[in-house]
Amino acid sequence: MAVLSPKQSHMKRRVRFSYLLLFFLFIGTLGFGSFLYEGLYHQHRVEGIAQVARFVPLPVARLDGKVIFYGQVMAYQELLPGFDEALEHVLNQTYVILLAEELDVDVSRAEVDEYMDREGVESIREELGWSHRQYENRIVRPLLLSQKVEQYVYSSEKYQIESRDAIDRVARDLDLDIPFTDLAVIYSEDYSAPAGGYLDYYTRDDLFVQILPVFDLDPLAPSEVIEMETGFAIAQLYDVVEVEEERSRVGVQWILIRKQGLSSAVEVKREEYPVRYFIAWD
């Protein structure tokens, strides 16, 4: 058996003490964590939680590996009615981030700078008392990302299957000679639906670009499916007004199926990635 020198024995005792210290610190951390979980998490409206969350990263919820912390939520409490509304806002932002990752969408530094240079933005930031970085991360980047993601959602086949199927069903029904007016009442999602899809009279210059080809259709001859930025439509002319044997104005009737927007895509993501809460709701 080897005999340790006094120096070696001292070093061995220090190592053992270090291991014991780490062990008790670990146990203490678990105990403090349990205190936080049982106390603060279950009473998230407790007085003083804001001060604690400034120094301790307290998680509130998790979805798809992304953790949402109290500090993130509380940053929006002064802008929204309460904690629950602020949490819902942050959750929606997180789902938009998931969509952005799926669709390979990002916001550039140049886009952020361009927004920050808009008139009135600086005064709003100062009124909130946020730094430039805080305002960018809490307001500008989420806003710009939501706008860009929605544009991609409108053109994404995955999120437009339902809308495309609906307009294709209308086209099939028209092929079966079901009256256009009846189908407009049943399917159209435009304000004109209750009246059978009847719109106003338009000159060629007045007709919005997406359905401009409709101007030259024969009366009561439905168009092909027209894809627009935010919807699908089938249109026809219910009347044609000619001046000196030239088409002057046309009466337009249409069936509009709106595309699924950002909120619908977020709901899809909510089903794919349910929220796991660290707190118990009162």
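The values are calculated or read from the model by the stated rules, or taken from the named source; none is laboratory data. Quantities reported herein were computed from a predicted structural model and do not represent experimental measurements. As a convention, Cβ positions derive from the backbone with ideal geometry for all residues, glycine included, and neighbour counts pool all protein chains shown.
Brief remarks on what is shown
- Options L220, L183, L207, L237: the member that is in a loop (DSSP other than H, G, I, E, B) and surrounded by 17 or more Cβ atoms within 10 Å (Cβ to Cβ): L207
- Criterion applied to V60, V96, V73, V67 was being surrounded by 14 or more Cβ atoms within 10 Å (Cβ to Cβ), out of contact with any His (no Cβ under 7 Å at 6 or more places or on another chain) and at pLDDT 95 or above, and the one residue passing it is V96.
- Residue pairs whose Cβ atoms lie under 7 Å apart, separated by 6 or more positions or on different chains, with the first residue in region 83-102 and of a type in the set (G, A, S) and the second outside any helix (DSSP H, G or I), are A86/Y76; A86/Q77; A86/L80; A100/D106.
- Residue-level check: of (1) at pLDDT 50 or above; (2) over 30 Å from K158 (Cα atoms); (3) surrounded by 10 or more Cβ atoms within 10 Å (Cβ to Cβ), S18 misses just (1).
- Residue in region 259-273 that is within 17 Å of E162 (Cβ to Cβ), free of Cβ contacts under 8 Å to residues at least 60 places away in the same chain and surrounded by 15 or more Cβ atoms within 10 Å (Cβ to Cβ) present: no
- Region 241-258: number of residues that are β-branched (V, I, T) and buried (at least 16 other Cβ atoms within 10 Å of the Cβ): 4
- Residue in region 117-132 that is free of Cβ contacts under 8 Å to residues at least 60 places away in the same chain, crowded, with 18+ Cβ neighbours inside 10 Å, assigned to a helix (DSSP H, G or I) and not assigned by TED's automatic domain parsing to the domain that holds I255 present: yes
- The residue that is nearest to the chain's Cα centre (by Cα), among those in region 194-232 that are closer than 23 Å to S163 by Cβ and among the small types (G, A, S), is G231.
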